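Read the structure below first, then the notes.
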Ligand code: AMP
Ligand code: MG
């Protein structure tokens with residue numbers, strides 16, 4: 001049997017990141033920057049008002065008070081989007097809205113709340129310091145400043161700053177397109193009537209969700225029967241529009257019903273392994289087609305095995321396709337709240353409930369690899385190392401977060 005770490009290293013070593021390409025902002029969500037991004041312009045790009053009020057020279061209103069208000073003529077009005085360059089004369093004001101271009105020579109904005117809100121003249125009851133309610137050119141970023149570094153996964157704030165700096169597109173690794181295929185004669189569609197001997201296909205929905213949560217665009221394909229020719233045809237079709245294929249089922253120890261193994265063994269580019277883990281021992285990984293190859297993961301059919309395999313092998317691979325390290329997926333430490341056991345020679349991934357307040361983790365009962373209900377109650381996987389068969393309550397353990 002191969003160790004979990006060496007199998008994962010082999011997979012990551014075989015993957016090439018998706019080619020970086022110019023990606024439009026509308027499609028950049030979840031993409032990973034392939035180059036640093038700087039701004040060519042100052043942010044903000046011009047002095048502007050932070051409030052609705054009156055642009056003034058601060059010296060003209062420095063004596064203003066409730067008892068001794070200052071009244072000044074209003075010579076113009078400027079709103080956000082008005083590109084007319086205006087200049088302010090001493091002893092006058094220009095009515096100004098939030099985001100509007102500050103008139104030349106104005107050095108403060110008196111908020112409308114400190115005035116009578118007048119249109120021809122305005123009566124001001126409080127002084128405004130120089131710079132009050134003024135957003136200065138470049139106070140957020142200056143031309144040439146680094147906004148985002150290569151390797152940043154783009155989320156709302158990152159996309160916001162790209163747009164604010166005028167970038168319509170960025171050089172990035174796109175979200176990988178994952179194709180998900182369930183195999184098995186026993187599978188029927190959730191929502192259809194229950195037939196004894198058949199089960200509803202959970203894996204394709206579950207793995208599609210996992211792939212989406214990992215940052216992929218997902219195509220979930222129809223269930224494929226346990227027929228090597230049908231499996232091969234489905235895989236070839238799916239590979240045409242995907243950067244990564246994920247199948248489930250049909251890779252057990254090589255029985256005649258293991259159609260995925262039978263179909264892909266012919267190609268010779270997919271290796272089937274026994275990995276020293278529980279659940280998830282039977283694994284397959286390889287590359288399909290000509291360069292750039294399409295990686296394929298053939299996950300075992302038991303739902304818990306499939307999801308654990310996704311977390312341990314596929315998720316780091318998704319990151320590698322976007323040229324990201326798997327660091328963020330590393331385990332963290334917790335304390336066992338109850339004893340746990342595990343077979344010798346295999347790394348166990350036990351379903352557990354992590355209590356963030358106590359900082360402890362409790363293994364769930366029902367650790368069978370078909371027991372998806374207990375998986376749905378878990379929020380972490382507890383890792384029991386290969387050489388350990390029993391853990392006492394109170395010991396420190398590694399845990400993996402699950403989506
Ligand atoms: P296999 O890996 O095909 O030998 O399947 C192992 C176990 O997982 C069997 O009990 C299957 O019925 C079950 N199984 C396989 N595929 C799925 C699926 N898509 N959804 C739920 N259970 C599955
Ligand atoms: Mg099967």
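Every read-out reported here was derived from the displayed coordinates using simple, explicitly stated rules and does not represent laboratory data. Everything numeric here is computed off the predicted structure, so don't read it as measured data. With ideal geometry, Cβ positions are generated from the backbone for all residues, glycine too; neighbour counts draw on all protein chains shown.
On the principal axes of its alpha carbon atoms, the range 363-403 extends 26, 19, 18 Å, with the longest extent given first.
Just checking the listed ones, 252, 119, 204: in the Gaussian network model of the chain with Cα springs under 10 Å, the one fluctuating most is 119.
Please work out the Cα center distance from the range 326-345 to the range 377-398, rounded to the nearest Å. One Cα centre to the other: 4 Å. The distance linking the range 256-315 with the range 149-192 is 23 Å (Cα centroid to Cα centroid, whole angstrom). Length, then width, then depth: along the principal axes, the Cα atoms of the range 95-210 run 85, 37, 19 Å.
Please tell me the relative contact order of the range 342-403 in percent, rounded to the nearest whole number, where contacts are Cα pairs under 8 Å and at least six residues apart. Averaging sequence separation for qualifying contacts and normalising by length gives 41 percent for the range 342-403. The value of relative contact order for the range 1-104, using C-alpha pairs under 8 Å at least six residues apart, is 28 percent. Comparing 213, 239, 178 in a Gaussian network model of the chain, where Cα atoms under 10 Å apart are tied by springs, the biggest mean-square fluctuation is seen for 213.
Here, P(r) means the percent of Cα pairs in each 10 Å bin from 0 to the largest distance; for the range 335-403 it is 23, 58, 19, 0.
Got the relative contact order for the chain handy, in percent, Cα pairs under 8 Å and 6 or more residues apart? It comes to 16 percent, rounded to a whole number.
Peptides 53-60, 382-389 ranked from most to least packed by the mean count of surrounding Cβ atoms within 10 Å: 53-60, 382-389. With respect to the chain, whose longest principal axis is taken over its alpha-carbon atoms, helix 228-239 is tilted by about 20°.
Kindly provide the helix-only [θ] at 222 nm of the chain, computed as the sum of -39,500 (n - 2.57) over DSSP H runs of four or more divided by all residues, to the nearest 500 deg cm²/dmol?
Values: 8 runs with 70 residues, N = 403.
Theoretical 222 nm ellipticity from helices: -5000 deg cm²/dmol.
Largest first and in whole Å, the equivalent-ellipsoid semi-axes of the range 342-382 read 19, 14, 7, each the square root of five times a Cα gyration tensor eigenvalue. Between the Cα long axis of helix 4-14 and the first principal axis of the chain there is an angle of about 60°, rounded to the nearest 10. With the convex hull of its Cα atoms as the shape, the chain has an orientation-averaged projected area of 27.9 nm². Computed across the range 259-403, the Kirkwood hydrodynamic radius from all distinct Cα-Cα pairs reaches 16.3 Å.
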